[in-house]
Structures are given as C-alpha cells and as structure tokens.
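The values are calculated or read from the model by the stated rules, or taken from the named source; none is laboratory data. Since this is a predicted model, take the numbers as computed values, not measurements. No Cβ is skipped: glycine too gets one built from the backbone with ideal geometry, and neighbour counts run over all protein chains shown.
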Ligand code: F6R
C-alpha cells in the first residue's frame with residue numbers, strides 16, 4: 001500500500017480531488033465507487049468547485065456507492081442516497097441514471113444484495129474510494145466480516161453506532177443495519193483510494209498498515225491489493 005501523509009485535512013482533500021479529476025479527464029466514462037461520511041466532504045466540495053471552474057465533465061461517468069442504511073428511504077435526510085445528491089451529484093453534471101446505491105427499503109434483502117452484486121460485476125470500478133472506520137471497518141464491513149464477503153446486510157457495531165450518532169442527533173435514531181458492498185467486491189476495484197483524517201483514526205490506520213492482515217481489522221485486507229493508496233492527514237498518521 002502506498003501511503004501519502006498530508007499536513008492537514010485540506011491538503012488531504014486536495015490530493016484526493018486531484019487524483020479523481022485526473023482519472024475522469026483521462027477516462028471520461030470511468031466507473032467510480034464512492035463513499036459517504038465526513039471524510040470525503042472536502043473532496044466532494046473540491047470536485048464541485050472544479051466542475052464549476054473548469055467544467056470537468058461527469059456526463060459519462062458512472063458512480064456506484066458502497067452502502068445505504070437499511071429501512072431508510074432515499075428521501076430521508078440521513079440516507080446516503082440523499083447525502084450523495086446534496087454533496088456531489090446535484091453539483092456536477094452526472095446523470096441521475098448513472099448513479100447507483102442500494103435500496104434501503106427493498107422488499108427482499110436477498111434480492112437486493114443479488115441485484116447489487118450483479119451491478120458490481122457488470123461495472124468494474126476504475127477507482128474505489130473508501131473512508132476508514134475508527135474500528136477499522138471499510139464500508140459497513142465491521143470487524144469479524146469475512147474477507148470473502150459480497151453485498152450483504154450488516155449489523156452496525158456499537159462503536160459505529162456511536163460514531164454515526166452525531167449525524168442523527170441521538171444514538172437511538174441510528175439505523176442498526178445497513179446494506180454494504182462486501183470486502184471481496186471492494187478488492188475487485190482496479191485502484192483503491194482510502195482516506196483517513198483525524199486523531200480518532202490513528203489506531204485504525206496503524207492497525208491497517210502495521211498490524212496483521214486479519215478479519216478483526218477489515219481494512220487490513222487492502223494490503224493485499226496491488227494498487228491501493230492511503231492518504232492520511234498528520235493526526236490520522238500519528239501512530240505510524
Ligand atoms: C461510508 C462508509 C463508512 C465510512 C467510515 C468513516 O459510505 O462506508 O465506512 O467511510 O465509517 O466515516 P467518516 O468519514 O464519517 O469518519
């Protein structure tokens with residue numbers, strides 16, 4: 001894994017944006033696997049600004065997202081579908097029909113997971129963006145998830161519920177389950193870009209880079225990927 005340490009969150013966001021803009025310019029029909037959460041907010045802000053200033057076009061880009069809360073409709077203020085629309089899609093020229101995310105309110109869990117796995121197979125990702133959970137999760141693959149996992153419904157761990165409560169106001173409001181792309185599917189992307197910012201990620205970053213490759217720390221699987229880049233700010237990289 002290639003490790004880039006930046007001075008701060010702004011520089012992390014600049015470096016990540018540069019990588020994605022370059023990819024989209026060189027391959028206008030790129031397939032991007034994207035993530036939600038706080039970490040990529042600066043990156044999405046920069047992609048939107050770059051679109052406005054330089055017109056980098058996403059007309060032929062397809063985006064397939066990692067995860068969605070179970071039972072939240074796409075219109076819910078905290079759904080990841082809404083997050084993506086507000087933070088990125090409505091601010092660039094991507095076509096709504098080219099964006100994909102699990103349907104949190106699908107009738108059958110099994111069919112929804114199958115539908116998503118077929119989509120992932122049909123759309124090989126040129127780049128998979130990831131955030132890092134403070135417990136080492138990637139997407140909602142919590143510690144203990146099999147490295148062979150494909151799309152499934154995950155039970156959120158207590159630490160993830162606590163981490164995500166800030167966005168819901170109260171921990172009791174956070175959905176306890178989510179659809180998530182599995183670890184095997186993440187590893188199929190041609191390139192992986194994982195971002196980590198802040199002191200609360202320092203232990204997970206250390207475990208991912210220096211610990212053993214183990215299902216107890218799902219992100220450690222990324223060390224087996226041939227083209228994976230970590231961009232961490234100084235706080236997140238402090239224990240390396
Ligand atoms: C979000 C996702 C999660 C987050 C992780 C870090 O789509 O898959 O794995 O990337 O929980 O979240 P933040 O960036 O909010 O610290």
I want to confirm something. Restricting to segment 16-36 and keeping residues that are within 16 Å of the ligand (Cβ to nearest atom) and either surrounded by fewer than 16 Cβ atoms within 10 Å (Cβ to Cβ) or closer than 16 Å to residue 233 by Cα (or both), which single residue is nearest to the chain's Cα centre (by Cα)? 16
Hey, residue 220 under 23 Å from residue 1 (Cβ atoms) and assigned to a helix (DSSP H, G or I) or not: yes
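Answer yes or no as to whether residue 219 is over 17 Å from the mean Cα position of the chain (by Cα) and within 14 Å of the ligand (Cβ to nearest atom). Don't jump to the end; show me each part of the working.
Details: over 17 Å from the mean Cα position of the chain (by Cα): no; within 14 Å of the ligand (Cβ to nearest atom): yes.
No.
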Among (1) closer than 23 Å to residue 69 by Cα; (2) in contact with a helix residue (DSSP H, G or I) (Cβ under 8 Å, 6 or more places away or on another chain); (3) within 10 Å of the ligand (Cβ to nearest atom) - the single one residue 167 does not satisfy: (2)
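What residue, of 178, 202, is within 13 Å of the ligand (Cβ to nearest atom), within 27 Å of residue 31 (Cβ to Cβ) and out of contact with any helix residue (DSSP H, G or I) (no Cβ under 8 Å at 6 or more places or on another chain)?
Working: 202 fails: within 27 Å of residue 31 (Cβ to Cβ).
Residue meeting the stated conditions: 178.
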I'd like to verify a number: residues in segment 79-108 that are surrounded by fewer than 21 Cβ atoms within 10 Å (Cβ to Cβ) and either under 20 Å from residue 150 (Cα atoms) or modelled with pLDDT under 95 (or both), how many? 7
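Please determine, by comparing only the residues of segment 115-149 that are assigned to a loop (DSSP other than H, G, I, E, B) and surrounded by fewer than 19 Cβ atoms within 10 Å (Cβ to Cβ), which one is nearest to the ligand (Cβ to nearest atom). Even if it seems obvious, please write down each step before you answer.
Of all residues in segment 115-149, those assigned to a loop (DSSP other than H, G, I, E, B) come to 123-126, 132-137, 139-140, 142-149.
In the following step, the residues that additionally are surrounded by fewer than 19 Cβ atoms within 10 Å (Cβ to Cβ) were identified as 123-124, 134, 143-144, 146-148.
Details: 123: 17, 124: 19, 134: 7, 143: 12, 144: 15, 146: 17, 147: 16, 148: 19 Å.
Among them, the one singled out is 134.
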Could you tell me which numbered condition residue 160 fails, if it satisfies all but one of (1) outside any helix (DSSP H, G or I); (2) within 13 Å of the ligand (Cβ to nearest atom); (3) within 13 Å of residue 67 (Cβ to Cβ)? (1)
